[in-house]
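Report on the following structure.
Throughout, read-outs are computed from the coordinates displayed, never taken from laboratory work. Values in this document were obtained by computation on a predicted structure and should not be read as measured data. Virtual Cβ from ideal backbone geometry, glycine too; neighbours counted across all protein chains shown.
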Amino acid sequence: MTPSVTVALPLYRSRRFLDVIVENLDSLDAPDAEILVSDRHGDDDALAVLRERYASDPRFRFLEGRERMDWVAHFNLLLESARGTYFLWMAHDDSYPPSWVPALVGRLEAEPAAVLAFGRVEQVSLDGFLPTFPFTPPPVDRDAPWSLDDAVRCLTLWQLWIAFRGVFRRDVVAERDLYIRPTRGNVRADIYWLFALSMYGALRYVPETHCTKRFHRGSGGADWSFGPRQSLDAWRVLRSYLADHGPAAGVSARATVQVGAWCLTQGALPAPIARALGIAVRRAGLGAPRPSEEIA
């Protein structure tokens, strides 16, 4: 029997977050889920502890990386190994309420044209190393028809990484070979992949549920930097997604110009200025006209 949803837990030096992981798994309201747990490096005993704790739970499968793969390869491995109708990656250092999975799956069940559903993400800094910002909803109409314009708007005017914690339709990815493409240093690979996914349907915001994202010195993106080289690489990756997965040629061409301008601007501005400009744009509520080209 096909599981309704696959919950994939990618471990990486996760021993310090075992209490968080166990709390998430024990409170998971998904009796017919498949739960995949994988460690890409095996630098601690987190996988062994979880394997022993959940040995009698038939929902669990455990994977061990035999090569020291990077995070993009690891996330793709979990996605390729999944069997559920729906899928999400559950970060080892985030907290998810019991309502997270059923609320997001319920939104996808209610809207077949949506490809991903996500809730609010509250940010907490454990050591003050990384800045946190108040959550802002995506700059699109929550219920209106979706378009490529909406996808571009979410990429350029919003914190698109927030939606990466959502639940999505696995068949949309598997049937189109739409896996995460590596970037230079894998910087923002999650964001660019989400943009590609959003070309196949709506990313729907579900305000009724939320999770907590913990930032710390060991966070996956703590050492990411974005300059001219990353800007050119972003342009390369996003252009490849548009070429392979974009809609009609004319619409994709317009989006390609918009995305290219955004990439160049991101790389040219110092990080504090780019961040402040992004916040100002979001607060101004720009870019929310109704789309001219709806995605079916």
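A few remarks follow.
- Gain in span if fully extended, Ala48 to Arg229, counting 0.36 nm per residue against the direct Cα distance: 61.2 nm
- Distance between the modelled labels on Val257 and Arg13, one decimal in nanometres: 4.5 nm (7 Å Cα→Cβ projection).
- Neighbour net charge for Ser4 - beta-carbon separation under 9 angstrom, K R +1, D E -1: -2
- Length-normalised contact order of region 1-93 in % [C-alpha pairs under 8 Å, at least 6 apart]: 48
- Rounded Å value of the spacing that divides the Cα centres of region 11-90 and region 159-178: 18
- Taking the chain and dividing mean pair separation by its residue count, relative contact order in percent (alpha carbons under 8 Å, at least six apart): 21
- Acute angle (nearest 10 degrees) that the helix 71-81 long axis makes with the longest principal axis of the chain, alpha-carbon atoms: 70
- Percentage relative contact order, region 101-158, counting C-alpha pairs under 8 Å, at least six apart: 21
- Furthest towards positive pole of dipole, Val37, His92, Ile21, structure part region 1-93, Cβ charges: Val37
- Prolate/oblate/rounded call for region 159-204, Cα gyration tensor, a/c under 1.5 rounded: oblate
- Mean residue ellipticity (222 nm) of the chain, computed from DSSP H runs ≥ 4 via -39,500 (n - 2.57), nearest 500: -12000 deg cm²/dmol
- Amide H contacts under 5 Å for Tyr86, placed H, 5+ residues apart: Val5, Thr6, Arg170
- Ranked by the mean number of other Cβ atoms within 10 Å of their residues, highest first, the peptides 204-214, 133-143, 100-110 come out as 100-110, 204-214, 133-143.
- Each Lys or Arg adds one and each Asp or Glu subtracts one; over the other residues with Cβ under 12 Å from the Cβ of Val237, this totals +2.
- Cα-based shape type of region 64-222, given that a ≥ b ≥ c are square roots of the gyration tensor eigenvalues and the cut on a/c is 1.5: rounded
- Cα gyration tensor shape of region 1-93, rounded if a/c is under 1.5, else prolate or oblate by comparing a/b with b/c: oblate
- The stretch between Tyr179 and Trp161 holds 4.9 nm of extra length on full extension. This uses 0.36 nm per residue minus the Cα-Cα distance.
- Vicinal HN-Hα couplings computed from phi for region 44-56 (Karplus, 6.51 cos²θ - 1.76 cosθ + 1.60; Hz; Gly/Pro x): 8, 9, 4, 5, 5, 5, 5, 4, 5, 5, 10, 4, 9
- Residues of region 179-200 with amide N under 15 Å of the 7 Å Cα→Cβ point at Val172: 179-180, 191-200
- Summed side-chain charge close to Ala82 - residues other than Ala82 whose Cβ falls under 9 Å, Lys, Arg +1, Asp, Glu -1: 0
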